[in-house]
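The numbers here are math on the coordinates, done by the rules we state, and not lab data. Since the structure is predicted, the reported quantities are computational estimates derived from the model, not experimental observations. Please note: Cβ atoms are built from the backbone with ideal geometry, for glycine as well, and neighbour counts cover all protein chains shown.
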Amino acid sequence: MDRGRLTRELRQRAASEGFDAIGIAEAVEPRRDAQALARWLGAGHQAGMTWLDRAPEMRSDPRMLLPGCRSVVSLALNYWPGAEEARTPPGRARVALYARGRDYHRVMGKRLKRLTAWLEETTGQATRSFVDTGPVLERAWAERAGIGWIGKNANLISRGRGSWLLLAELLTAAELVADTGPHEEFCGTCTSCLDACPTGAIVEDGVVDSERCISYWTIEHRGPIPEERRAGNADWIFGCDVCQDVCPWNLRFAEATPADPLERREDLRGLDPIDMLGLDEEAFRARYSGTSLMRAKWEGMRRNACIVLGNAGDRAALTHLARALDDEDPVVRSHAEWAIRQIEGRGADDQGLE
Ligand code: B12
């Protein structure tokens, strides 16, 4: 099959697998992005995610992941359900939108597997696929493939769809027709995301310091969260969407997907932190296996629940937190103790005792 026809057919297949955008870039080393990555790592912005330090050269050169790689195919899945559906019910702890249904790694992984098998069979050329599962600079490739640009909030933003897109790639030794990239940037003079980030995590245009990012602390960080960071989490129990919520491209152009690819669950629109704190491990697994919440694990979600309760300051949580003082996990115990102190301290403030 000639490369023009192969490319057209691949695009059609990606669309029928439910991907909302596809773009193709030539597999040449993206020097600007390799430098940006080196600078980011050098500044320590990866915080405790030490796995990001491993083989940075591999992260920016696809030929090291697939010898003979000629093309990088980027695929995007729109998960925006519309403003009404995205709203967190009052009194609930907030869950990032991408995590409110099935784990996207699984959803996209299945579709990628079928595309990979077809491409390999048709071309006889080696192909590998990734969805946040390998050392690939996913946003950089999507930008080079013309799907969108890397915005000041570091997210890939599409002019027609905003940034509520999840990304995946196919690396292939097959030769395809590349799109004209990289995409032009359209943030202009807007600084909404920098101004709105409650913890000042966007330290420069396009550069996020994970050490200050709520998403990092609530999802990726294991063990105790430093006390000085806890207030910043506010009512976020898993992830954070503030820098996307305020983006004008999302406010004006995000298009609700009719497909509901992640099969959103009503109970994940927002969580009851008291309920989360009281779950035993078996119940936690039964309820959340197959969702992105598993990344933070049972311990992490209960730790996060304590922080949300401490920040909310509602005395009704005190008996539940007191029970957590006997929790088997020392991190949960220490965070419950902190939350009790927060709530009681606030009570004393209200009564003018301090
Ligand atoms: C580590 C990681 C995180 C870390 C670090 C975030 C970060 N900004 O790097 C934490 C845990 C904080 C995180 C949070 C989130 N993440 Co994350 N994360 C990743 C992961 C695994 C690696 C990212 C990476 O390599 N970072 C290193 C930096 C240097 O690379 P980069 O983010 O691509 O940054 C580029 C820009 O900074 C740019 N750049 C550098 N300097 C400058 C200067 C200017 C002016 C500009 C414009 C650009 C620019 O160059 C860099 C290289 O291309 C990717 C998956 C992957 N393999 O790519 C998902 C990924 C980036 N995450 C994703 C998502 C959805 C999120 C969250 C929205 C989740 C949430 N709701 O809580 C938040 C968003 C936070 C944010 N604003 O970045 C999606 C993003 C989709 C999109 N539309 O962009 C990805 C692609 C996963 C996926 N498969 O869909 N994430």
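Reported to the nearest whole Å, the Cα centre-to-centre distance from the range 139-160 to the range 303-344 is 40.
How much length would be gained if the chain were fully extended between residue 57 and residue 9, taking 0.36 nm per residue of separation minus their Cα-Cα distance, in nm to one decimal? The partial results should precede the final answer.
Numbers: separation 48, 0.36 × 48 = 17.28 nm, distance 3.19 nm.
Length difference between fully extended and current span is 14.1 nm.
Straight-line cross-link partners of residue 110 among the aspartates and glutamates, defined as a Cα under 14 Å from its Cα and at least 8 positions apart when in the same chain: 17, 132, 169. Taking Cα centre as origin and charging only the Cβ of basic (Lys, Arg, +1) and acidic (Asp, Glu, -1) residues, the dipole magnitude of the range 8-89 rounds to 220 debye. Note on the range 71-85 and the range 180-223: Cα centroid distance 19 Å, given to the nearest whole angstrom. Of 238, 130, the sequence from fewest to most neighbouring Cβ atoms within 10 angstrom is 130, 238. A Cβ-based charge dipole, computed about the Cα centre of the chain with Lys and Arg at +1 and Asp and Glu at -1, lands at about 960 debye.
Projected label points at residue 314 and residue 196, each 7 Å from Cα along the beta carbon direction, are separated by 2.5 nanometres. Given the DSSP H assignment, sum -39500 (n - 2.57) over each helix run of at least 4 residues in the chain and divide by its residue total; what's the result at 222 nm in deg cm²/dmol, nearest 500? The helix contribution divided over the chain gives -11500 deg cm²/dmol.
Computed from the Cβ-Cβ distance with R0 of 30 Å, the FRET efficiency linking residue 133 to residue 325 stands at 0.20. Using the beta-carbon distance between residue 184 and residue 280 and R0 = 56 Å, what value does 1/(1 + (r/R0)^6) give for FRET efficiency, to the nearest 0.05? Using R0 = 56 Å, I get an efficiency of 0.60.
Would you order 121, 138 from fewest to most other beta-carbon atoms within 10 Å of each residue's own beta-carbon?
Details: 121 9, 138 20.
Lowest count first: 121, 138.
Isolated cysteines of the chain, defined as having no other cysteine beta carbon under 4.7 Å away, are 69, 187, 190, 197, 213, 240, 247, 306. Ordered by the number of other Cβ atoms lying within 10 Å of each residue's own Cβ, fewest first, 302, 252, 341, 346 fall into the sequence 252, 341, 346, 302.
When both bridge partners sit in the chain, DSSP labels roughly 95% of those beta bridges antiparallel. Stretching the chain fully between residue 245 and residue 337 yields a gain of 29.9 nm (0.36 nm per residue, less the alpha carbon separation). Among 50-56, 256-262, the peptide with the highest mean count of other Cβ atoms within 10 Å heads the list, and the full ranking is 256-262, 50-56.
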